[in-house]
Each structure stands twice: as structure tokens, then as C-alpha cells.
1. Quick check on this structure: which one of B:Ile50, B:Ile45, B:Ile75, B:Ile58 is β-branched (Val, Ile, Thr), assigned by TED's automatic domain parsing to the domain that holds B:Phe208 and in contact with a helix residue (DSSP H, G or I) (Cβ under 6 Å, 6 or more places away or on another chain)?
2. Looking at the structure I just gave you, is A:Ala252 surrounded by 24 or more Cβ atoms within 10 Å (Cβ to Cβ) and in contact with a strand residue (DSSP E or B) (Cβ under 9 Å, 6 or more places away or on another chain)?
3. Within the range A:29-53, can you find the residues that are in a loop (DSSP other than H, G, I, E, B), away from every other protein chain (no Cβ under 13 Å) and more than 18 Å from A:Ala297 (Cβ to Cβ)?
4. Among the listed residues A:Thr146, A:Thr130, which satisfies the condition of being of a type in the set (Val, Ile, Thr), more than 30 Å from A:Glu200 (Cα to Cα) and assigned by TED's automatic domain parsing to the domain that holds A:Met28?
5. Surrounded by fewer than 16 Cβ atoms within 10 Å (Cβ to Cβ) and closer than 23 Å to A:Asn20 by Cβ - does that describe any residue in the range A:131-141?
6. Are any residues in the range B:85-113 under 27 Å from the mean Cα position of the chain (by Cα) and either among the small types (Gly, Ala, Ser) or assigned to a strand (DSSP E or B) (or both), and if so, which ones?
7. Which residue is surrounded by the most Cβ atoms within 10 Å (Cβ to Cβ), if the candidates are limited to the range B:12-39 and must be small (Gly, Ala, Ser) and modelled with pLDDT of 95 or more?
8. If only one of A:Asp93, A:Asp85 is surrounded by fewer than 22 Cβ atoms within 10 Å (Cβ to Cβ) and more than 14 Å from every other protein chain (Cβ to nearest Cβ), which one is it?
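The values are calculated or read from the model by the stated rules, or taken from the named source; none is laboratory data. As the structure is a prediction and not an experimental result, all values here were calculated from the model. Note that we place each Cβ from the backbone using ideal geometry, even for glycine, and neighbour counts take in every protein chain shown.
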There are 2 protein chains.
Amino acid sequence: MAFSITVLGSSAATPTSSRNPSAVVVNMDYTYFLMDCGEGTQVQIRKSKIKLQKIRRIFISHLHGDHFFGLIGLISTFHLLGRKDELDIYGPDGLEKVIKIQLEASQTMLNYPLNFHLTNPKKPEVVYETDEHFVKSFPLDHRIATTGFLFAEKLKPRKVKKSFLFYDVEITVDDILKIKAGADFVSDTGRVYKNSEITEDPGAPISFAYCSDTKYFEAVIDHIKGCDVLYHEATFMEDMRKVADEKFHSTAQGAANIAKKANVGRLILGHFSARYRELDKLLAEAKEIFPLAELAADGVIIDLSANKKTR
Amino acid sequence: MAFSITVLGSSAATPTSSRNPSAVVVNMDYTYFLMDCGEGTQVQIRKSKIKLQKIRRIFISHLHGDHFFGLIGLISTFHLLGRKDELDIYGPDGLEKVIKIQLEASQTMLNYPLNFHLTNPKKPEVVYETDEHFVKSFPLDHRIATTGFLFAEKLKPRKVKKSFLFYDVEITVDDILKIKAGADFVSDTGRVYKNSEITEDPGAPISFAYCSDTKYFEAVIDHIKGCDVLYHEATFMEDMRKVADEKFHSTAQGAANIAKKANVGRLILGHFSARYRELDKLLAEAKEIFPLAELAADGVIIDLSANKKTR
């Protein structure tokens with residue numbers, strides 16, 4: 001079981017010499033999802049431990065350049081490196097056109113399938129789902145159509161205790177599936193093993209929410225409630241709240257208030273305005289409201305499975 | 001007087017962790033020209049000593065992604081940083097459309113004038129000219145429409161010797177212009193100062209040629225003959241000449257042969273395939289033919305005015 005995120009870019013609007021524009025990789029059980037793709041993301045992936053071609057699906061929050069200008073370069077590099085695996089891209093209306101016109105301009109015929117999926121900026125939708133995981137998009141409140149995303153495990157079946165598997169009983173795969181679903185086990189000799197004795201709590205499902213870019217927007221709380229880690233934009237400090245509102249961005253305290261009201265586990269602040277060279281004060285403002293706030297930094301890996309506890 | 005180039009990206013096709021895709025800044029008397037703009041160029045400019053907003057004109061050789069995917073990000077950053085100065089972009093058909101569709105997608109109305117100029121991939125043309133300098137485009141031989149560029153000083157007037165200006169003679173600005181144009185000077189007392197006595201050789205005009213991307217193409221020799229520095233692509237080594245030909249790229253020896261036949265001052269090899277981790281052997285191959293060959297590296301500055309001598 002693996003659930004981790006790698007921050008590839010934590011700058012707002014323009015890259016700086018130490019911070020790239022927005023991008024985060026989510027690893028759910030070794031399936032890799034890229035969330036936003038600012039300019040330079042492909043180099044950031046190379047610098048991380050993630051193999052470039054492992055990226056299977058890409059989610060674009062909105063069409064401001066700092067969230068998608070790196071996508072065409074990544075798509076091209078996949079092609080040049082001989083990718084055959086299909087790539088699914090989820091994003092707002094207009095993204096497909098922007099990508100296709102650039103492929104046409106460079107006369108590139110991709111040697112792998114590229115599938116576009118429209119996100120809905122008006123209402124929440126499950127955009128990807130397997131037996132174990134799902135990704136849900138939900139509306140944010142920004143200047144143009146923008147969605148946040150929740151990456152989550154589904155409710156997990158109970159785990160059969162390893163010790164039980166070594167008992168001197170005949171047990172089939174079918175039995176195990178039934179036990180995981182909650183059934184007791186009856187052996188050939190008629191002995192009943194109570195489900196609660198032979199299974200253990202699998203732990204609560206892990207989830208990660210990504211909210212960038214958005215002004216302070218309480219409607220997101222319903223979608224991210226109780227998630228383990230929330231990545232929330234914090235473009236400005238409190239003294240620039242008016243500017244933040246006008247530009248449909250958040251302050252660090254705004255992000256912290258959302259984290260607190262949604263009762264999340266940890267808050268990662270990102271998408272910092274390039275005006276801030278030092279971010280200590282921005283972090284301090286958030287911590288006043290939500291002590292478990294942290295600053296994103298390019299290259300940082302956050303392992304959500306490591307310290308998982310039921311809250 | 002200043003004439004220098006700064007290499008910002010020397011990788012072919014895909015960026016590596018140490019080399020960015022193509023971009024070179026040319027400084028002609030403190031007017032800054034950007035030549036190609038691969039992904040990540042804006043960060044490369046920031047890392048150099050060049051002020052971002054000083055870039056006045058941008059020349060794009062062709063529409064393969066590694067030569068222009070960074071342009072939209074740079075244009076956007078100019079805007080976000082409040083640029084008012086106009087920006088002129090020279091490139092092939094299709095570039096304007098690619099840029100404008102991305103500005104539309106992000107609903108960006110630039111706060112500075114952006115002018116596009118079509119280059120001609122069929123024949124050489126002077127695309128920019130002042131009293132002192134000119135930029136000429138010329139056809140290269142690549143898979144899609146591609147031009148090289150020559151950045152050059154015009155023939156310079158003779159320089160009036162500083163010592164003469166301190167002679168005890170009355171001399172007007174008009175006199176100086178006449179002397180620079182070759183006239184002798186006659187003082188109020190009727191004394192004749194021979195032009196050759198009171199002026200000195202201004203040195204040959206400096207020029208820089210950029211040839212990327214192209215297969216081995218002798219037709220460029222006419223356009224770059226005798227230039228001080230030639231930047232020529234050298235995507236492959238000689239053992240991959242067949243691949244180079246098929247892909248319309250050059251080998252290091254091909255570049256060296258062009259340099260030799262064009263009698264250039266120095267050859268800078270660039271646009272290296274990401275397959276080469278070490279470039280010593282590639283350089284050695286070029287030096288066999290043209291000893292004044294060098295490897296481009298990201299961040300390197302080449303001052304053409306410093307060691308200028310008449311060849």
C-alpha cells in the first residue's frame with residue numbers, strides 16, 4: 001500500500017529561481033497521477049524519484065498558464081521517449097484544443113493514445129474510479145472555470161489476520177473474500193471463528209485534496225471533509241486580503257480556516273506569490289488558526305500512508 | 001560597444017537535468033535578442049545576469065517544441081510583471097496562432113503590444129535593421145520550415161583618434177561626422193590633417209550566426225561566411241550520421257565542416273542529443289576538422305567584442 005504526494009512546483013503565476021509553477025504528483029498504490037503541469041514540470045519529475053513514463057493520468061485544475069504551460073512539453077517528451085501507454089488528461093473545456101494545435105504546428109503524430117476528459121466546473125463529479133480508489137473533481141471559485149480534486153481510497157474491507165491464515169484449517173480464496181466482507185468462518189469440523197476474532201481494522205481510507213486556485217470558498221468543505229492532507233493555495237498574506245479577493249486567490253489564513261472547518265489532518269500551503277522571499281510569516285499566520293500547517297517546497301514528498309491513524 | 005551571446009539551453013528535443021532546450025540571448029550594444037525559446041527559458045534568463053524585461057525581440061527558428069514551448073510562458077510572465085514595452089516576435093507561419101489560442105484559453109489580455117513577423121523559410125531576408133546592426137534570416141534544411149539567423153554589426157565608420165580631439169583646433173560635430181566618413185580635416189589656419197593620421201581602424205564588424213536545427217547544408221555557407229562565432233547544432237556523433245540525415249540533423253563533424261568552409265572564427269556546438277552524457281568524444285570529432293570548436297553549456301557567456309581581431 002502506498003499513498004504519497006510529491007510537490008513539484010509551489011510558486012504562483014511566475015516561476016522563481018527556486019520555485020516552479022504548480023504541479024503535484026500523487027502516488028496511489030504505484031499508479032501515478034499528475035495534478036497540474038506548469039512550465040518546467042517535466043524537468044521537475046526527472047529530478048524527483050518518479051519515472052517519467054509512470055505518469056498515467058493528468059488532471060489540470062484550470063487554464064491559467066502556471067497550471068498547464070508545461071503540459072505540451074511533457075506530452076512531446078513522452079512521445080520522443082517512445083511511450084506506447086495511453087495517457088488520460090482531465091481538464092476544462094479548451095485544453096484539448098490548445099494541445100492539439102501545438103501538436104499540429106510541430107507536425108507531431110503521437111505514438112501513444114491521448115484521451116481528453118472534460119471536467120465540470122459547476123458540480124462535483126467522480127472522474128476516475130477503480131475498486132480501490134477514486135478521484136473526484138469539485139468546483140473552486142476562481143476567475144476562470146477551475147476545479148479542485150480529491151484523491152481517495154475507498155472504504156477498505158477488513159483485513160484477515162495473518163495468524164489466522166496459519167491456523168490448521170482448510171481455507172479457500174472464496175472463504176477469504178467472504179471473511180473480508182464480514183462473514184464468520186466455519187471450519188470442516190464445525191468450529192465457528194467470529195469475524196471480529198480473525199480480522200483486524202484495515203484503517204480509515206486515505207485521502208488527499210488539492211485546492212488551487214481559489215478565493216476563500218466554504219463550499220469546498222463538504223468535498224474535502226476529514227481528508228488526511230489538504231494542499232491549499234495561499235498566494236497572499238493577510239495584509240493583502242483585499243488583493244486576494246479581487247484576484248480570486250486565498251490568503252494563508254483563508255486556507256487555514258478551510259482546513260480547520262474541514263477538520264483535515266495536515267494542511268500544505270502552496271502557490272506562493274513570487275513577492276515573498278521568506279515564507280515564515282505567511283506560515284505563522286496560518287498556524288495561528290490551524291497549527292498543523294506546513295509550507296510546500298519543490299521536491300518535498302509527503303507520505304500519507306506512513307503516519308496514518310484513525311482520527 | 002557590446003556584442004555577446006549567452007547560451008540558455010543546449011539540449012536537443014527533451015530537456016535533461018543539466019541541459020535545457022534551445023535558447024540563446026544575443027546582446028548587441030545592450031539591445032537584447034532572444035533566439036529560440038524552449039521550455040524553461042524564462043527561468044534560465046532569471047538565472048543569467050540578463051534582466052527579463054530587457055528582451056526586446058524574439059526569433060524562433062522553427063516550430064518543433066524544444067524551440068518554442070517556453071515562449072507562451074515568457075510572454076505571460078512579461079505581462080504579469082507589468083511590461084509596457086512592445087515585443088516583436090519573428091518566426092514561421094503558425095506561431096502567432098499557437099500563442100494567441102493560449103492567451104485566449106487563459107483569458108489573458110496583454111498589457112503590452114505584441115507584434116508578430118513572419119520569417120521566410122525559402123530565401124534569405126533582412127528581418128531587422130538599424131543604422132548599426134542587422135539581423136538576417138536564411139533557410140536551413142530541416143523536417144519543417146526552419147531558418148537560421150545572422151546577427152551582425154554593419155560596416156563601421158573610421159574612429160576619430162581621441163588624441164586628435166584634444167588638439168588645439170576648433171572642431172564641430174559636423175566635422176567629426178565628415179572625418180568618420182573619410183574626409184581630411186582642414187583647420188581655421190588652413191592646416192590639413194590627413195584622415196589616415198587622425199582616425200583609426202574601427203575593426204571589422206562583429207557577427208554571430210545561429211544554425212539550429214538543420215541537416216548538413218552547404219547553402220548556409222554563403223550567409224555565414226567569415227562570422228566571428230557560429231552556433232551550429234551537433235545533435236549526433238559520426239557513428240549516427242545515417243540517423244542524423246534521416247532526422248534532418250547534423251553531426252559534430254558536419255557542423256565542423258560548415259565552420260571550416262565558411263571560415264568562421266569560433267564554432268560553438270549545441271543541441272546535443274540527450275543520449276550523450278559525456279560530450280568529450282563529440283567535441284574531439286569536431287576538433288579533428290575545425291580546431292576552434294567548443295561545446296555549448298547552459299549559462300555560458302561568449303563575449304565577441306573582447307577578442308575581436310581582423311581575420
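1. Details: B:Ile50 fails: in contact with a helix residue (DSSP H, G or I) (Cβ under 6 Å, 6 or more places away or on another chain); B:Ile75 fails: in contact with a helix residue (DSSP H, G or I) (Cβ under 6 Å, 6 or more places away or on another chain); B:Ile58 fails: in contact with a helix residue (DSSP H, G or I) (Cβ under 6 Å, 6 or more places away or on another chain).
It is B:Ile45.
2. Numbers: surrounded by 24 or more Cβ atoms within 10 Å (Cβ to Cβ): yes; in contact with a strand residue (DSSP E or B) (Cβ under 9 Å, 6 or more places away or on another chain): yes.
Taking the combined requirement at face value, the residue satisfies it.
3. A:Asp29, A:Tyr30, A:Lys51
4. On the way: A:Thr130 fails: more than 30 Å from A:Glu200 (Cα to Cα).
Of the residues listed, the single one that is of a type in the set (Val, Ile, Thr), more than 30 Å from A:Glu200 (Cα to Cα) and assigned by TED's automatic domain parsing to the domain that holds A:Met28 is A:Thr146.
5. No, the conditions are met nowhere in the range A:131-141.
6. Scanning the range B:85-113 gives B:Leu87, B:Asp88, B:Ile89, B:Tyr90, B:Gly91, B:Gly94.
7. Among them, the one singled out is B:Ser22.
8. Values: A:Asp93 fails: more than 14 Å from every other protein chain (Cβ to nearest Cβ).
None of the others qualify; the one that does is A:Asp85.
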